[in-house]
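Visitor: The structure is given below, and queries will be raised subsequently.
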Amino acid sequence: MPRIERTTDIVWEGSLARGGGSLSAGSGAFSDLPYSLPSRIGAPEGKTSPEELLAAAHAGCLTMSLAGELSGAGTPPGRLEGRCLIVMDEVEGGNHEIVASHVDLVASVDGVDDDALQSALAAADEGCPFSRL
């Protein structure tokens, strides 16, 4: 796979507690996605957060990796659906870290038994750079 580089433009105005920001993808896929501390630690209220974007990135990467594994085995998926939960928590020393990422997937794949699907998923997880973060 070639080297991949992507950009996001960020604007933040004001203090951490009362300020807010927006994120825009260099590709144009999204623009001015609002985010703030209150929406990050409380109710999202239509705003995103770094954790939500990481969840989207991990789920997207793992799903693409699984599709690649299944396709390489001659059994491309009909449909993959899922959800990713990112968990950030306080760790020793008072810092916050991403401590877990749980991806749940439902796969619709003809001609694949559970053992083959689990094997493909394990290979996909190993091949997904976001799974190693």
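Visitor: Assuming 0.692 mPa s and 37 °C, estimate D for the chain with Stokes-Einstein, Rh taken as the Kirkwood radius over Cα pairs, in µm²/s.
Guide: Details: Rh = 17.0 Å.
Taking Rh from Cα pairs, D becomes 194 µm²/s.
Visitor: Roll a 1.4 Å probe over the protein chains and send me the accessible area per residue for segment 20-91 in Å².
Guide: On a per-residue basis, segment 20-91 sits at 57 Å².
Visitor: May I ask you to evaluate 6.51 cos²θ - 1.76 cosθ + 1.60, the Karplus curve with θ = phi - 60°, for each residue of segment 3-17 and list the ³J(HN,Hα) values in order in whole Hz, giving x for glycine and proline?
Guide: 4, 10, 10, 9, 10, 9, 9, 10, 10, 10, 10, x, 6, 5, 6
Visitor: Let me ask something else. Leaving ligands and nucleic acids out of the surface, order Glu52, Glu5 by accessible area at 1.4 Å, largest first.
Guide: If we order Glu52, Glu5 from most to least accessible, we get Glu5, Glu52.
Visitor: Could I ask something else about it? May I ask for the angle, rounded to the nearest 10°, between helix 50-72 and the longest principal axis of the chain, with both axes built from Cα atoms and the value confined to 0 to 90°?
Guide: Tilt of helix 50-72: around 10 degrees.
Visitor: For Ser27 and Glu97 in one chain, what is 0.36 nm times their gap in residues minus the Cα-Cα distance, to one decimal in nm?
Guide: Full extension of this stretch gives 22.4 nm more.
Visitor: Next question, about the same structure. Once the Cα atoms of helix 114-127 and of the chain are each reduced to a long axis, what angle between those two axes, in degrees from 0 to 90 to the nearest 10, is obtained?
Guide: Result, in degrees: 50.
Visitor: Once you keep just the Cα pairs under 8 angstrom separated by 6 or more residues, what percentage relative contact order results for the chain?
Guide: Working: 187 pairs, mean separation 23.7, N = 133.
Contact order relative to length: 18 percent.
Visitor: Considering the options Leu54, Pro44, Leu33, tell which one lies farthest towards the positive end of the dipole of the chain, charges being +1 on Lys and Arg and -1 on Asp and Glu at the Cβ, about the Cα centre.
Guide: Leu33
Visitor: Of the candidates Ala55, Ala67, Ala100, which one comes out as most mobile in a Gaussian network treatment of the chain with C-alpha springs shorter than 10 Å?
Guide: Ala100
The values are calculated or read from the model by the stated rules, or taken from the named source; none is laboratory data. Treat the numbers as computed from the prediction; the structure is a model and nothing was measured. With ideal geometry, Cβ positions are generated from the backbone for all residues, glycine too; neighbour counts draw on all protein chains shown. Ligands, DNA and RNA are excluded from the accessible area calculation, which covers all protein heavy atoms including side chains. Shrake-Rupley method; radii C 1.70, N 1.55, O 1.52, S 1.80 Å.
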